[in-house]
1. Please name all residue pairs, on different chains or six or more residues apart, with Cβ atoms under 8 Å, provided the first residue is in segment 74-92 and is farther than 17 Å from residue 145 by Cβ and the second residue is at pLDDT below 65 and assigned to a loop (DSSP other than H, G, I, E, B).
2. Please enumerate the residues belonging to segment 127-157 that are under 18 Å from residue 75 (Cβ atoms) and in a loop (DSSP other than H, G, I, E, B).
3. All but one of (1) touching a strand residue (DSSP E or B) at 6+ places or on another chain (Cβ under 9 Å); (2) under 21 Å from residue 51 (Cα atoms) hold for residue 106; state the number of the condition that does not hold.
4. Among (1) surrounded by fewer than 17 Cβ atoms within 10 Å (Cβ to Cβ); (2) under 23 Å from residue 153 (Cα atoms), which single condition is residue 97 missing?
5. State which residue is modelled with the highest pLDDT when the search covers only segment 103-124 and only residues that are assigned to a strand (DSSP E or B) and over 16 Å from residue 158 (Cβ atoms).
6. For segment 139-158, how many residues meet the condition of being over 18 Å from residue 109 (Cα atoms) and modelled with pLDDT of 85 or more?
7. May I ask you to say which residue of 89, 83 is touching a strand residue (DSSP E or B) at 6+ places or on another chain (Cβ under 8 Å) and either part of a loop (DSSP other than H, G, I, E, B) or at pLDDT below 85 (or both)?
8. Checking residue 39 against (1) closer than 28 Å to residue 166 by Cβ; (2) touching a strand residue (DSSP E or B) at 6+ places or on another chain (Cβ under 9 Å); (3) buried (at least 18 other Cβ atoms within 10 Å of the Cβ), which single condition isn't satisfied?
């Protein structure tokens, strides 16, 4: 019933900000990834049954996305960017996104990276992203390096807090290969922990 109700609540095209909190459906509505959706800010908080995120990269005007307390989220796949198969040609994934935040996704283990073909292709991924914040995501061990190289020219702040596995990978040794792989293309990138 949760999914039927939220699927029916199609937002007005002038809606600029959307917050979904305490949702108990296993997936978000189809309109959440519709390219005719002009929402600029989305907060997804306390989604108790969600195990994956929709293709939100298709949202043309989205500037800020915050995902928090998604208790069953274990995997963020390439479909989150709007890439559904490796042969997809994606022109712009998250074309206006400036701030991306994940908070308290306790069982999140993997953020799927793009492929070598997608990295070398002329696709644009998060060209405006300046802030990437990851807090209290204890099970996440590494970030998608190829994807972060795609956004490296705009990314200024990588903020990792209360995520011990990520801090071990990136924060303990700023001279290590993990940090170099995401910062070498952007010497302005700052890591805060």
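1. 82/88; 82/90
2. 136, 137, 138, 139, 140, 141, 142, 143, 144
3. So the condition that residue 106 fails would be (1).
4. Going through the list (1) surrounded by fewer than 17 Cβ atoms within 10 Å (Cβ to Cβ); (2) under 23 Å from residue 153 (Cα atoms), residue 97 breaks only (1).
5. 110
6. Here the count works out to 5.
7. Values: 89 fails: touching a strand residue (DSSP E or B) at 6+ places or on another chain (Cβ under 8 Å).
Matching residue, one of 89, 83: 83.
8. Going through (1) closer than 28 Å to residue 166 by Cβ; (2) touching a strand residue (DSSP E or B) at 6+ places or on another chain (Cβ under 9 Å); (3) buried (at least 18 other Cβ atoms within 10 Å of the Cβ) one by one, residue 39 breaks only (1).
The values are calculated or read from the model by the stated rules, or taken from the named source; none is laboratory data. Since the structure is predicted, the reported quantities are computational estimates derived from the model, not experimental observations. Every residue, glycine among them, receives a Cβ derived from its backbone with ideal geometry; neighbour counts consider all protein chains shown.
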